[in-house]
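A.B. asks: Have a look at this one before I ask anything.
The values are calculated or read from the model by the stated rules, or taken from the named source; none is laboratory data. Treat the numbers as computed from the prediction; the structure is a model and nothing was measured. No Cβ is skipped: glycine too gets one built from the backbone with ideal geometry, and neighbour counts run over all protein chains shown.
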Amino acid sequence: MDGRRLVDGPDDLDRLDPVVVEVACPSCGVVRSTDVVHLARSIPSTFAAALDRSIDPERLGRLVDRLPGLSLEYFDGVAHLRGSTGLTVYLAPVTCVACGSGSDIVVSWGEFQPGRWQLTLEGVVCHEAS
Ligand SMILES: [Zn+2]
């Protein structure tokens, strides 16, 4: 797991400057630069994805196995993920420009304490072979 704390302060995502991080492709190791603030703003949370059934609990469970900082929780019977600091998890699918393999950049984002927001890079995982 990665665990880099990328944002920590009294703000909301819409007003944050870009935060560019370099993450390595889990398959070939080629590094790409990604603006994680843009990323977190443009994708649904795992809770939203679970609500509209675009992600299944089994896949979330496998992500917990691969990134031990994550935890699987249920709200009203809907499975979703919390990150290493207890915040909501977002999965951003990316495709490596070098080897073409797919992976998910995993970040958590939310209000950590009243008025204090955090964005954490949890890690990068390969898409499973299907
Ligand atoms: Zn690659």
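A.B. asks: I'd like the full set of residues that are within 21 Å of Arg5 (Cβ to Cβ) and free of Cβ contacts under 8 Å to residues at least 60 places away in the same chain, limited to the range 60-69.
C.D. replies: Taking the range 60-69 as the starting set, the residues that turn out to be within 21 Å of Arg5 (Cβ to Cβ) are 63-64, 66-69.
Passing the criteria: Val64, Arg66.
A.B. asks: Of all the strands (runs of 3 or more DSSP E) wholly in the range 62-130, which have at least 3 residues that are within 16 Å of the ligand (Cβ to nearest atom)?
C.D. replies: 88-95, 102-113, 116-126
A.B. asks: Condition first: in contact (Cβ under 8 Å) with a residue 40 or more places away in the chain, farther than 19 Å from His38 by Cα and polar (S, T, N, Q). Now tell me which residues in the range 79-130 satisfy that.
C.D. replies: Ser84, Ser101
A.B. asks: Say whether the condition of being surrounded by fewer than 17 Cβ atoms within 10 Å (Cβ to Cβ), acidic (Asp, Glu) and in contact with a strand residue (DSSP E or B) (Cβ under 9 Å, 6 or more places away or on another chain) is met by at least one residue in the range 75-92.
C.D. replies: No, there is no match, as no residue in the range 75-92 is surrounded by fewer than 17 Cβ atoms within 10 Å (Cβ to Cβ), acidic (Asp, Glu) and in contact with a strand residue (DSSP E or B) (Cβ under 9 Å, 6 or more places away or on another chain).
A.B. asks: Counting just the residues of the range 88-130 that are among the acidic types (Asp, Glu) and at pLDDT 90 or above, which one comes out farthest from Leu6 (Cα to Cα)?
C.D. replies: Quick first cut of the range 88-130, residues among the acidic types (Asp, Glu) only: 104, 111, 122, 128.
From what is left, the residues that are at pLDDT 90 or above are 104, 122.
Numbers: Asp104: 17, Glu122: 10 Å.
Here the residue is Asp104.
A.B. asks: Mind counting the residues in the range 19-59 that are away from the ligand (no atom under 16 Å from the Cβ) and either farther than 18 Å from Gly3 by Cα or in contact (Cβ under 8 Å) with a residue 24 or more places away in the chain (or both)?
C.D. replies: 26
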